[in-house]
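Okay, so here's the structure we're looking at.
The values are calculated or read from the model by the stated rules, or taken from the named source; none is laboratory data. Bear in mind that the values here come from a model prediction, so they are computed numbers and not experimental data. In this analysis, Cβ positions are derived from the backbone assuming ideal geometry, glycine residues included, and neighbour counts consider all displayed protein chains. Note: accessible area is taken over every heavy atom of the protein model, side chains too, but ligands, DNA and RNA are not part of it. Shrake-Rupley method; radii C 1.70, N 1.55, O 1.52, S 1.80 Å.
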Amino acid sequence: MDVLVSANRNAGQYYMATRPFSDSDVPPVDFITTGIFQYTNFVGGSNASLITLPAMNNTDAMLNFISRIRNTNVTQNPPINVPGDTDINRRVFITLAVNDLPCKNSKCVVSDGFAASLNNVSFVYPHIDVLQAYYRNIRGVFAENFPFLPPEFYDFTGNLTGVVSAVEVGTRAICVNYGDAVEIVLQSTQMGAGGSHPIHLHGYSFYWVGAGFGNFNGETDPSTYNLVDPPLMNTIDVPGTGWVAIRFFANNPGVWYMHCHFERHTSWGMSTVLIVRNGSTIETSIRPRPSTMPRCHRT
């Protein structure tokens, strides 16, 4: 993230230190990164005190930090334009999980290996890119039927007894119209090793309006949203035992990749594409391919 610092303290050198947060069952690597914030008109040694960092799995410390992140009303930032409750006309609730691939032969006992999924759909990368297939009407490459709700509701962050971890595979896209006001709730699950997931959406910055622990409650949790000064982001970390809510106006037509930023989870299929259909004018439609742009050819 980008931050603004007001240099209004006594001239000197100030230590900075960060460590990663991890709520996964997988043993993390405890890298501590340090630096010094120094005033140019200061001469002398450091006057910073020793920094005490929270434990890597200190969820309370993490929540205390992220709850203080706000959008700043400065000229460098775009004007705040958060979709309000009455604006939202497309809601998507997405669960994040690490799953098992279903058995394909009689020798398979438990699974055919690991997969990762969004709403129990593990993304399959097509031989023809979805962008080209969508705008050139090439059929059979992807389907416009990504589920807007998970196929099964259970205690996502709790007891998984009896929950089937097998996953579907496919190339399924989220499709919205130009100008839609979109809300996406991202819910972590304890499938696999659990843990948090940094979710990145190409083509957009979105407002991070809410977060919490446990299972998202559609009746009560929206009342906790920050619709006044939420941070504008393009990557959001979904806590391993909780959820986040984001909102944005779909005003950038195109085909946009959405995925977990852990490479292994992306390679296992924790991704999808967001298709924002063209609007009714040239200005609200995707630009045509430049005539000088080379085409890709397969042999």
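Quick one: which of P147, P198 is part of a strand (DSSP E or B), open to solvent by 10 Å² or more (accessible area, probe 1.4 Å) and out of contact with any helix residue (DSSP H, G or I) (no Cβ under 8 Å at 6 or more places or on another chain)?
Sole residue among the options that is part of a strand (DSSP E or B), open to solvent by 10 Å² or more (accessible area, probe 1.4 Å) and out of contact with any helix residue (DSSP H, G or I) (no Cβ under 8 Å at 6 or more places or on another chain): P198.
Mind checking which pairs have a first residue in region 133-162 that is within 28 Å of S188 (Cα to Cα) and touching a residue at least 24 places away in the same chain (Cβ under 8 Å) and a second that is open to solvent by less than 70 Å² (accessible area, probe 1.4 Å) and assigned to a helix (DSSP H, G or I), Cβ under 6 Å, 6 or more apart or different chains?
F142/V130
Go through region 228-243 and count every residue that is over 15 Å from S196 (Cβ atoms), open to solvent by 10 Å² or more (accessible area, probe 1.4 Å) and more than 13 Å from the chain's Cα centre (by Cα).
Residues that pass the stated criteria total 3.
Filter region 1-15 down to residues that are in contact (Cβ under 8 Å) with a residue 12 or more places away in the chain and loosely packed, with under 12 Cβ neighbours inside 10 Å and give me whichever is nearest to the chain's Cα centre (by Cα).
The residue in question is M1.
Which condition breaks for F213 when tested against (1) open to solvent by 70 Å² or more (accessible area, probe 1.4 Å); (2) touching a His at 6+ places or on another chain (Cβ under 8 Å)?
If we test F213 against (1) open to solvent by 70 Å² or more (accessible area, probe 1.4 Å); (2) touching a His at 6+ places or on another chain (Cβ under 8 Å), just (2) comes out false.
Sort through V182, V209, V169 and tell me the only one that's out of contact with any Phe, Trp or Tyr (no Cβ under 7 Å at 6 or more places or on another chain), in a strand (DSSP E or B), touching a residue at least 60 places away in the same chain (Cβ under 8 Å) and of a type in the set (V, I, T).
Sole residue among the options that is out of contact with any Phe, Trp or Tyr (no Cβ under 7 Å at 6 or more places or on another chain), in a strand (DSSP E or B), touching a residue at least 60 places away in the same chain (Cβ under 8 Å) and of a type in the set (V, I, T): V169.
When you look at S280, is it assigned by the TED database to the domain that holds G113 and open to solvent by 50 Å² or more (accessible area, probe 1.4 Å), yes or no?
Against the criterion (assigned by the TED database to the domain that holds G113 and open to solvent by 50 Å² or more (accessible area, probe 1.4 Å)), S280 qualifies.
Provide a single number: the residues in region 244-276 that are open to solvent by 10 Å² or more (accessible area, probe 1.4 Å), touching a helix residue (DSSP H, G or I) at 6+ places or on another chain (Cβ under 6 Å) and within 25 Å of G214 (Cα to Cα).
Summing the residues that are open to solvent by 10 Å² or more (accessible area, probe 1.4 Å), touching a helix residue (DSSP H, G or I) at 6+ places or on another chain (Cβ under 6 Å) and within 25 Å of G214 (Cα to Cα) in region 244-276 gives 1.
Restricting to region 57-85, count the residues that are in a loop (DSSP other than H, G, I, E, B) and open to solvent by less than 40 Å² (accessible area, probe 1.4 Å).
Residues flagged as in a loop (DSSP other than H, G, I, E, B) and open to solvent by less than 40 Å² (accessible area, probe 1.4 Å) within region 57-85 amount to 5.
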